[in-house]
Amino acid sequence: MRSGCRERGMESLLNAAFAWALQRRIWLILVVCVLAVSPVRAAERLVFSTFEGSPLSTVGGLVLKRAYSKLGIEVEIYETSGSRSLVLASTGHVDGEVIRIRDVEDRFPSLLRVPTPTVFLEGMVFVQERGAEAMTLENLPEKHVGYLVGAVHAEIFTEGFSNVWTAPDEGELFRLLASGRLDAVISDRIDGGLTIAKLKLSGIVPLGAPFQVEPLYHYLHIRHRALLPRIEAVLTEMSASGEAAEIVREAIAEGR
């Protein structure tokens, strides 16, 4: 009798242990499945394309690296030409664009705009100081003007201009301006100012106030739609606290 009770007790213990082990295995399988279908896992690295040779894009990348780090996500920035950057992002070869103007979402439906601006573009015309008095926004369409390849704001600004030159980086443009081979460069306050300082150029000044002040937004490829509200919340908090603006100020001070 005692032997039978002992056997039944042992059988109950074995059954309970088996049930617990089975339940634990099922939970582990579920966790793995959830992680497998999650659009972004904590240890995942995202790659964003951007303009090559653009200090403003570099600054925007710094803001995004800080923002994504708060979500436990590593970010890599891939620099290429402006036009190729859009192709890579819109076709999903990379995970999105660092910064672009608002109109991009209309031209590329596969890119989702994060609503909070990452940085601000202040479109400016740069000219040689010694000839600045003869240069106006009115006669600019007749001049030899250059801008960064793929810079949509500059493309729009120079529509109808008779003599336009594009280059793959800001440095080349400002060297051409300094040598007199260009009459003006269409850039922005951060790109222009940092490039002039980096190349130690003198005698180059803005032609008046910015012709455009526009927010620049981060774009995600549509496959990351579930990530958008998360990074939007982080960027909103960074903007409200002044953290994003501080990153921009530090980058400018360091001459990035």
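The values are calculated or read from the model by the stated rules, or taken from the named source; none is laboratory data. Model, not experiment: these values are computed from the prediction. FYI the Cβ positions are ideal-geometry reconstructions off the backbone, even for glycines, and counts take in every protein chain you see.
Within region 94-150, the set of residues being surrounded by 14 or more Cβ atoms within 10 Å (Cβ to Cβ), part of a loop (DSSP other than H, G, I, E, B) and of a type in the set (Asp, Glu) comprises Asp95 only.
Just one of the numbered conditions (1) over 17 Å from Thr58 (Cβ atoms); (2) touching a residue at least 24 places away in the same chain (Cβ under 8 Å); (3) among the β-branched types (Val, Ile, Thr) is not true of Ile252: (1).
Report whether or not Leu220 is in contact with a helix residue (DSSP H, G or I) (Cβ under 7 Å, 6 or more places away or on another chain), more than 19 Å from Gly72 (Cβ to Cβ), of a type outside the set (Phe, Trp, Tyr) and not in a helix (DSSP H, G or I). Please lay out each step first, then the result.
On the way: in contact with a helix residue (DSSP H, G or I) (Cβ under 7 Å, 6 or more places away or on another chain): yes; more than 19 Å from Gly72 (Cβ to Cβ): no; of a type outside the set (Phe, Trp, Tyr): yes; not in a helix (DSSP H, G or I): yes.
Taking the combined requirement at face value, the residue does not satisfy it.
For region 40-85, which positions are among the polar types (S, T, N, Q) and either touching a residue at least 24 places away in the same chain (Cβ under 8 Å) or touching a helix residue (DSSP H, G or I) at 6+ places or on another chain (Cβ under 8 Å) (or both)?
Selection gives Ser49, Thr50, Ser54, Ser57, Thr58, Thr80, Ser81, Ser83, Ser85.
Scanning region 151-166 for residues that are of a type in the set (Gly, Ala, Ser) and surrounded by 17 or more Cβ atoms within 10 Å (Cβ to Cβ), we see that the one that is farthest from the chain's Cα centre (by Cα) is Ala154. Applying the criterion of being basic (Lys, Arg) and part of a helix (DSSP H, G or I) to the residues of region 167-197, the residue that is surrounded by the fewest Cβ atoms within 10 Å (Cβ to Cβ) is Arg175. Condition check: within 27 Å of Ala89 (Cα to Cα), in contact (Cβ under 8 Å) with a residue 60 or more places away in the chain and not assigned by TED's automatic domain parsing to the domain that holds Arg107. Does Ile222 satisfy that? The answer is no for Ile222. Within region 117-139, the residues that satisfy the criterion of being more than 17 Å from Leu201 (Cβ to Cβ) and out of contact with any strand residue (DSSP E or B) (no Cβ under 6 Å at 6 or more places or on another chain) are Glu133, Ala134, Thr136, Leu137, Glu138, Asn139.
Quick check on region 47-84: of everything there that is of a type in the set (Phe, Trp, Tyr), modelled with pLDDT of 95 or more and closer than 26 Å to Leu173 by Cα, which residue is surrounded by the most Cβ atoms within 10 Å (Cβ to Cβ)? Spell out how you get there, then give the answer.
Let us first name the residues in region 47-84 that are of a type in the set (Phe, Trp, Tyr), namely 48, 51, 68, 78.
Filter again for modelled with pLDDT of 95 or more, leaving 48, 68, 78.
Subsequent filtering for residues that are closer than 26 Å to Leu173 by Cα retains 48, 78.
Values: Phe48: 27, Tyr78: 18.
Selected residue: Phe48.
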